[in-house]
Structure formats: structure tokens, C-alpha cells
Amino acid sequence: MNDTFRELKARIRKLDELLATRGAGNVELAQAVSRVQRLERRSDRSREPTAELRGLLDRAESAGRSIG
């Protein structure tokens, strides 16, 4: 796994923690986190993250900031 993917996984874990602690009722955040996690699992971790993965992560973080 390259360093960029390591950073993305850390950001995804933070979103997952936010969802578990304060976002249980926020459907938008839950769906965004789920999409990011699915795409991350299918991604090639030896390469740079795709623009699609970065975009989904940015949208999920935006949804997280709205409740945070």
C-alpha cells in the first residue's frame, strides 16, 4: 500500500468514527461513507487513488462537516 492510500484510509476511518458517534441518523453521510468504502476496497492500492475515489471522499467529508 502506498502512502497516499494510507492517508485516504485514515480519512475514511475518521468519517466512519464520526458516523458511529454522531451521524447515525444522517442518511446522506452514511451513504457517502458506504460508497467510499466500497470503492476503496475495489481499488488498486499499489497505484495512486483515482479521481473518482478522491471525489467521493471529498463529498463524504463535506457531509461529515455539516453534522460535525
Exercise. Can you run down the residue pairs with Cβ atoms below 7 Å, 6 or more apart or on separate chains, where the first is in the stretch 1-29 and closer than 20 Å to residue 43 by Cβ and touching a residue at least 40 places away in the same chain (Cβ under 8 Å) and the partner is of a type in the set (S, T, N, Q) and surrounded by 12 or more Cβ atoms within 10 Å (Cβ to Cβ)?
Key: 12/37
Practice problem: Return a yes/no flag: does the stretch 41-59 have any residue that is assigned to a loop (DSSP other than H, G, I, E, B), out of contact with any Leu (no Cβ under 8 Å at 6 or more places or on another chain) and of a type in the set (Gly, Ala, Ser). | Solution: yes
Quiz item: Are any residues in the stretch 30-46 loosely packed, with under 13 Cβ neighbours inside 10 Å and over 16 Å from residue 59 (Cα atoms), and if so, which ones?
Solution: 41, 42, 44, 46
Quiz item: How many residues are charged (D, E, K, R) and touching a residue at least 24 places away in the same chain (Cβ under 8 Å) when one looks only at the stretch 40-53?
Solution: 4
Quiz item: Can you pull out the residues in the stretch 1-29 that are of a type in the set (Gly, Ala, Ser) and surrounded by fewer than 17 Cβ atoms within 10 Å (Cβ to Cβ)?
Solution: 10, 20, 24, 25
Practice problem: Would you point out the residue of the stretch 49-63, among those that are exposed (fewer than 14 other Cβ atoms within 10 Å of the Cβ) and among the acidic types (Asp, Glu), that is nearest to the chain's Cα centre (by Cα)? | Solution: 58
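Coordinate-derived values only; no laboratory data. Quick caveat, the model's predicted, so the values are computed rather than measured. All Cβ positions, glycine included, derive from the backbone under ideal geometry; neighbour counts span all protein chains shown.
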